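Comments concern the structure below.
The values are calculated or read from the model by the stated rules, or taken from the named source; none is laboratory data. Keep in mind that this is a model prediction, so the values were computed, not measured. All Cβ positions, glycine included, derive from the backbone under ideal geometry; neighbour counts span all protein chains shown. Ligands, DNA and RNA are stripped out before the accessible areas are found, and what is left, the full protein with its side chains, is counted by its heavy atoms. Shrake-Rupley method; radii C 1.70, N 1.55, O 1.52, S 1.80 Å.
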Amino acid sequence: EAGVAQSPRYKIIEKRQSVAFWCNPISGHATLYWYQQILGQGPKLLIQFQNNGVVDDSQLPKDRFSAERLKGVDSTLKIQPAKLEDSAVYLCASTLGGVGTEAFFGQGTRLTVV
Amino acid sequence: SQQGEEDPQALSIQEGENATMNCSYKTSINNLQWYRQNSGRGLVHLILIRSNEREKHSGRLRVTLDTSKKSSSLLITASRAADTASYFCATDTTDKLIFGTGTRLQVFP
């Protein structure tokens, strides 16, 4: 089965610019997560979708970050405007959903804000 | 926010030795999972232990869970250079997966 696809793999932007990341989860996976992983740290949950509804976005900086999941499949995460501290790897993961299901991760998008 | 804290932050061992990593968490959980991350890559699921289980094995991996102490440990036996990676625990609470801070394991040949 195809894995979780993310693009782009790398992105370099200047501060105050905007950027968007795309994620295509595994077919049939109801739950989709976006994580932010700063170098040397563990992944931090930004937002969780169940189908096309938001389950948790308590850690999403809503003044600059937004995310959507169209038709319960693909998802995009946007940052506008970017700050230097947004430099990180943005990971997308999907699960079948429900208790006790493992998460499958994409390769991530490495964002550098200069 | 991080649910779990892992200990040690970094671990260096020789091939053939065992590696033990510990994870402590704060709230009650449905299950606890361990993931591995090679440098510059996404995370890969290793093993899941449910809240009503105390120990689980998978190949060279052994995981224990003590819900009274809110802690888990991951043991990798007979380590190999290819086990070099970061290892993260993740707690599944109300269907939300929260990761710990990770342990960086270096296995020298």
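Distance between the pseudo-spin-label points of B:LEU75 and A:VAL73 (7 Å out from Cα toward the beta carbon): 4.7 nm. Annotation for region B:43-109: trypsin sites (Lys or Arg not before Pro) lying in DSSP loop with at most 16 further Cβ atoms inside 10 Å of their Cβ are B:ARG54, B:ARG60, B:LYS69, B:ARG80.
Sequence-ordered 3J(HN,Hα) estimates for region A:47-54 from the Karplus curve with 6.51, -1.76 and 1.60 and θ = phi - 60° stand at 7, 10, 10, 10, 6, 10, x, 7 Hz, glycine and proline given as x. Based on the Cβ-Cβ distance of B:ASP66 and B:ASN30, what FRET efficiency does E = 1/(1 + (r/R0)^6) give at R0 = 22 Å, to the nearest 0.05? The computed FRET efficiency comes out at 0.90. The GluC sites (Glu not before Pro) of region A:1-88 meeting both criteria, a DSSP state outside H, G, I, E and B (loop) and at most 11 other C-beta atoms within 10 angstrom of the site's C-beta, are A:GLU1, A:GLU14. DSSP beta bridges confined to chain B are antiparallel in about 90 percent of cases. Evaluating 6.51 cos²θ - 1.76 cosθ + 1.60 at θ = phi - 60° for every residue in region B:54-60, the Karplus couplings come out as 10, 8, 8, 10, 8, x, 8 Hz, glycine and proline recorded as x.
Close amide H contacts of B:ILE47 (hydrogens built in the peptide plane, cut-off under 5 Å, sequence separation of 5 or more or a different chain): B:TRP34. Accessible surface of chain A, 1.4 Å probe: 51 percent of it comes from carbon and sulfur atoms. What separates the Cα centres of region B:1-58 and region A:58-114 is a distance of 22 Å. Neighbouring Cβ atoms from other chains, within 10 Å of the Cβ of residues in B:97-105, number 4 on average. The trypsin sites (Lys or Arg not before Pro) of region A:39-107 meeting both criteria, a DSSP state outside H, G, I, E and B (loop) and at most 13 other C-beta atoms within 10 angstrom of the site's C-beta, are A:LYS62, A:LYS83.
With the crude spin-label approximation of a point 7 Å out along Cα→Cβ, what separation in nm comes out for A:TYR10 versus B:ARG54? Modelled inter-label distance: 5.0 nm.
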